[in-house]
1. For Leu73 paired with Ser266, estimate the spin-label separation in nm (one decimal), with each label point 7 Å from Cα along the Cα-to-Cβ line.
2. At 7 Å along Cα-to-Cβ for each site, give me the label-to-label distance between Thr43 and Lys61 in nm.
3. So what J values fall out for the stretch 268-285 if you push phi through Karplus, 6.51 cos²θ - 1.76 cosθ + 1.60 with θ = phi - 60°, rounded to Hz, Gly and Pro as x?
4. Calculate, in nm to one decimal, what Ile148 and Asp461 gain on full extension: separation in residues at 0.36 nm each, minus their alpha carbon distance.
5. With +1 on each Lys and Arg Cβ and -1 on each Asp and Glu Cβ, and nothing else charged, work out how big the dipole of the chain is about its Cα centre, in Debye to the nearest 20.
6. What percent do you get for the relative contact order of the stretch 185-317 when only Cα pairs under 8 Å and 6+ apart count?
7. Work out, step by step, the length gained on full extension between Asn343 and Arg414: first 0.36 nm times the residue separation, then minus their alpha carbon distance; give nm to one decimal.
8. On C-alpha positions alone, give me the angle between the axis of helix 87-98 and the longest principal axis of the chain, in degrees, nearest 10.
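What follows draws every value from the coordinates through simple rules; no lab data is involved. Keep in mind the model is a prediction, meaning the values are calculated, not measured. Backbone-built Cβ (ideal geometry, glycine too); neighbour counts: all protein chains shown.
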Amino acid sequence: MKALSEVYGDRITGSISGWDHLRFRGTRSWLASAQGLGTYLNTIGIRLKQFGSWADHLTTKVRKACTQRAEELGIPMIYLRKPSVDKEAEARRVAQERGVDTGNICMFSVVEPCYAPSIRGNRATQHLELEMGLRQCVHIYQYWNDPILGFGHTRLQSWLPLTATLCINGRHWLERQLLRAGVAYVKDGNCFPFIADLQKAQALLDEQLQVSWTPLLNELLTRNCPIIHDLLGDVPVDYYWSACETEWASDIVFRSARDLDQLFPSLLRYGLVTAQSPEVMRFLGRKIIRGRPAGSLPNEVGSDLRRRYEGMRLKHRVNGNAVKMYNKAGNLLRVETTITQPNEFKVYRRPHDDQSRPASWQRMRKGVCDLHRRAQVSQACNQRYSEHLAAATISETLEQTAKDICSPVTKDGRHYRALNPWAAADYHTLQFIARGETQINGFRNRDLCGFLFGDSTTAKDPDQRRKISGRVTRRLRLLRAHGLIKKVSRTHRYVLTAKGRKVTNAILAASSVDTQKLMDMVA
């Protein structure tokens, strides 16, 4: 969170970024569709009229194995009458009552909706057919406080296709890592208002990215039902694990709750007012060209502000993915990216994992094989959003913000004039460098030429194009002298500095407010 640290460094002690909530789904792909299940039944010699009794036998074995497992572990098996019960809160209550700090806590048995097969007769063909649909069956939850991963749970569907869900929290995992490393900390829910060594904590969060997920998830599921991987006998079907929802959180630790409370209303107001649809899409990885998104338009773009028990939460979403900001545990500002639709992003790999084909940028998959790339993408989303928030200023007038650029400067022995933000040429230049698309990959001389002079830059006369390019070059030197932009090393591109973001956003925000509103604000 470099941008916020540059602007508010005297109030911030540091930051950590890593997994927050991770929800995995284990699917036996061969059994998850009517066609695949039909092929499997033919393979093992089960006819459709035998399917009901065969499937019931599997369900009985699963539920019996889970009950026996609960008895072996010495934990209660509790039947819940309603699926809407807060199972995590109930598990924590049971853990407190039983004095469980580390280990298995309890199992819940509850009837919930599921996606499962059934047999129906087709009158037209006079044959039995398999169909998949929404039904209801018993699901078995097992809650545990693992010595390595911390608090989490597994959920197993007792009907075919025996779909499993597993939830882990990266911050609970970090707590266990900090305990083993001997690092002092204070934990509030899934937040750390204080960690004695933030650099060590970040290194431990980075270690979470090196996990071999498939063996780990299979082992955790086996705790719930030991026979699950051998249930299908001579023709077993392995679980395919996908990350159906991931949250990557960047926690910015302020020196005191007072510092954050003073700043947060400005961040909240700035994020809500300035994050229009193109900006929201840019936060979540969409390429924006001249104010419009490249490629197809998303189905949904939106922002909303809600009050949670921890504090206020501002959320921006695009097609099911979201980036949000909220204050937690008094002195923590959390920026968090949630991904449920990873195909909105790209990963560099071989098409269909075919080793004979060259690698290229392909759509990201839900499978755990792309989880490391998802972490990189999520961190980039958090970074873009924090850079946008860094432009929000507090306790500073427009005159204090812009006075430096309104005075002449001398740099490297050369004298440069003052900028006049309200003159047309300077205003349009500031307007261009503050645009969202210029903050992703920067901008070039010719990009600014096209914005300021339009079709003149495509004129056939090379002398005219050279003159325009020269005028823009001098303007770029002026912006660099005032510290608003900097050149990207070994490129012809320029990017905004922290000062440039603050100044341009303040000037553009002030220019969009009518005089009467300004007078009312002063009054």
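1. 5.0 nm
2. 1.6 nm
3. These are the phi-based 3J(HN,Hα) values: 5, 5, 5, x, 6, 7, 8, 7, 7, 3, x, 5, 4, 5, 5, 3, 9, x Hz.
4. On the way: separation 313, 0.36 × 313 = 112.68 nm, distance 6.91 nm.
Stretched fully, the Ile148-Asp461 segment lengthens by 105.8 nm.
5. Values: 78 positive and 51 negative charges, 387 e Å.
So the dipole magnitude of the chain works out to roughly 1860 debye.
6. Details: 70 pairs, mean separation 15.5, N = 133.
Result for the stretch 185-317 is 12 percent.
7. Details: separation 71, 0.36 × 71 = 25.56 nm, distance 5.10 nm.
Here the segment from Asn343 to Arg414 would lengthen by 20.5 nm.
8. Between the helix axis and the principal axis of the chain, the angle is about 70 degrees.
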